[in-house]
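To keep things clear, I will list the structure first and then write my remarks on it.
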Amino acid sequence: MQMTIFVLPISMLLFFVLFFGIGFILNMLLRMSWIMAIIYPIVALLIIDKVRFIEYFQNTKESFISLRNELSQLAAADVLILSSGMAGAIVAGITIKILRNKGYQMF
């Protein structure tokens with residue numbers, strides 16, 4: 001499916017806002033500023049790869065070969081969208097750190 005020039009920025013914004021929100025809430029509740037930035041690569045791999053998560057432990061070699069093939073076939077738009085999600089997770093961590101340094105105690 002071809003992605004139009006209008007869909008790409010909207011998708012990037014949605015991924016940024018989605019993972020910023022999830023990261024902010026997780027950071028606020030778990031009091032770990034970088035939890036979503038650590039979890040996000042796992043989530044991104046689950047989005048990209050078509051192998052079940054348990055297969056990484058049962059058929060390790062084949063699963064990672066499949067993952068490598070899927071990563072090499074990603075389009076530039078997919079990389080941009082996934083990168084904006086990672087940026088949202090990182091900005092959520094930075095925001096929580098700044099708010100805590102300024103004296104706001106969340107939960």
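The values are calculated or read from the model by the stated rules, or taken from the named source; none is laboratory data. In this text the structure is predicted, and so the values were computed from the model without any measurement. We place every Cβ from the backbone using ideal geometry, glycine too, and count neighbours over all the protein chains shown.
All told, Pro9 falls short of being under 30 Å from Ile98 (Cβ atoms), in contact (Cβ under 8 Å) with a residue 24 or more places away in the chain and surrounded by 11 or more Cβ atoms within 10 Å (Cβ to Cβ). Figure legend. Inter-residue proximity from the range 29-52: first residues touching a residue at least 40 places away in the same chain (Cβ under 8 Å) and farther than 17 Å from Leu82 by Cα, second residues of a type in the set (A, V, I, L, M) and assigned to a loop (DSSP other than H, G, I, E, B), beta-carbon distance below 9 Å, spacing 6+ or different chains. Indicated pairs: Leu29/Met106; Arg31/Met106.
For the range 23-32, does any single residue satisfy the condition of being closer than 20 Å to Ser11 by Cα and surrounded by 14 or more Cβ atoms within 10 Å (Cβ to Cβ)? Yes, some residue in the range 23-32 is closer than 20 Å to Ser11 by Cα and surrounded by 14 or more Cβ atoms within 10 Å (Cβ to Cβ).
You will find that of Gly88, Gly23, the residue that is touching a Phe, Trp or Tyr at 6+ places or on another chain (Cβ under 6 Å) and in contact (Cβ under 8 Å) with a residue 12 or more places away in the chain is Gly88 and no other. Reported count of residues in the range 33-69, each being of a type in the set (Gly, Ala, Ser) and either closer than 19 Å to Val79 by Cα or surrounded by fewer than 13 Cβ atoms within 10 Å (Cβ to Cβ) (or both), is 3.
Taking into account only those residues within the range 1-17 that are of a type in the set (A, V, I, L, M) and within 16 Å of Leu74 (Cα to Cα), which is modelled with the highest pLDDT? Looking at the filtered set, the residue picked out is Met12.
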